[in-house]
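Structure first, then comments.
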Amino acid sequence: MEKIRRKLNSSSGITVVFALVGFLLATMVSFAIITAALNNVSRLRGQREEQVHYLAVTSAATLLRESLEDQTVTIVQHRDKENTAENEPREYSGGNALAQALADAMISGVFENQVLTLSVGTDDSLEMKVSTTYDGWRLKMVITPSSSDVKAPPMTLIFEGARATYSDVPVWGEESEYITVGEETVEIKVPVITGYTRTSTVVFPVNQARVEAKK
């Protein structure tokens, strides 16, 4: 009984217990610090990626604007005598390839939604989708990342007064007609319209272009 009492009153081993408790507390504090640091790194990385994606969309809008503003495209169409269909390939002058492609669609009469693809930099994840519409006066290009993993607000490039005008000039030719004069049949040449030359001009005005960002 006395031996048990001495054992209970003994203070040996308390130091070890305190050391274990201190080690446990230090471990918990260290874990909390490391977790907070990792969270901060992850947050900063996410903010950096968002900034990169936003700058990529902005760069795409700027690139499109600089590629199109103040471009003038002339398209010559050779049409049939009913002026309803083209019978020869179109002829293009002025403007770059993008401006000519858009002008081609703008003069078609019915401008359906055109979707273009634009790469920014060397990263495939920064590929942009450009949805283009035209209402006869306003050309609108909505730029969004192609990948759903890229989080960035869309940019809208608008050209007010992007107009397409055209003029038709008849192409004259001759057809033979035969008439009877006395006992003779005489051939005469009659002027007729054999087709039309349509010249269309598409302008992307430099002073009426703007970029809008939507959050």
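The values are calculated or read from the model by the stated rules, or taken from the named source; none is laboratory data. Just so it is clear, the model here is predicted, and its values are computed rather than measured. Note that each Cβ is placed from the backbone with ideal geometry, even for glycine, and that neighbours are counted across all protein chains shown. Only protein heavy atoms, including side chains, enter the accessible area calculation; ligands, DNA and RNA are left aside. Shrake-Rupley method; radii C 1.70, N 1.55, O 1.52, S 1.80 Å.
Work out how much length residue 85 to residue 211 would gain on full extension: take 0.36 nm times their residue separation and subtract the Cα-Cα distance, in nm to one decimal.
Numbers: separation 126, 0.36 × 126 = 45.36 nm, distance 3.69 nm.
So the chain would gain 41.7 nm between residue 85 and residue 211.
How do 182-191, 57-66 rank on mean C-beta neighbours within 10 Å, highest first?
My ranking of the peptides, most packed first, is 57-66, 182-191.
Run the 1.4 Å probe and let me know the accessible area of residue 53, rounded to the nearest 10 Å².
Probe radius 1.4 Å; accessible area of residue 53 about 30 Å².
From the protein chains alone at 1.4 Å, what is the descending order of accessible area for 73, 142, largest first? Before the final figure, lay out each step's value.
Details: 73 0, 142 50 Å².
Putting 73, 142 in descending order of accessible area: 142, 73.
Given points 7 Å out from each Cα along the Cα-Cβ axis, report the residue 97 to residue 72 separation in nanometres with one decimal.
2.5
Please list, in chain and number order, the residues 5+ apart from residue 71 or on another chain whose amide H is under 5 Å from its amide H, with Hs placed from the backbone.
Counting only residues 5 or more places away or on other chains, the set is 204.
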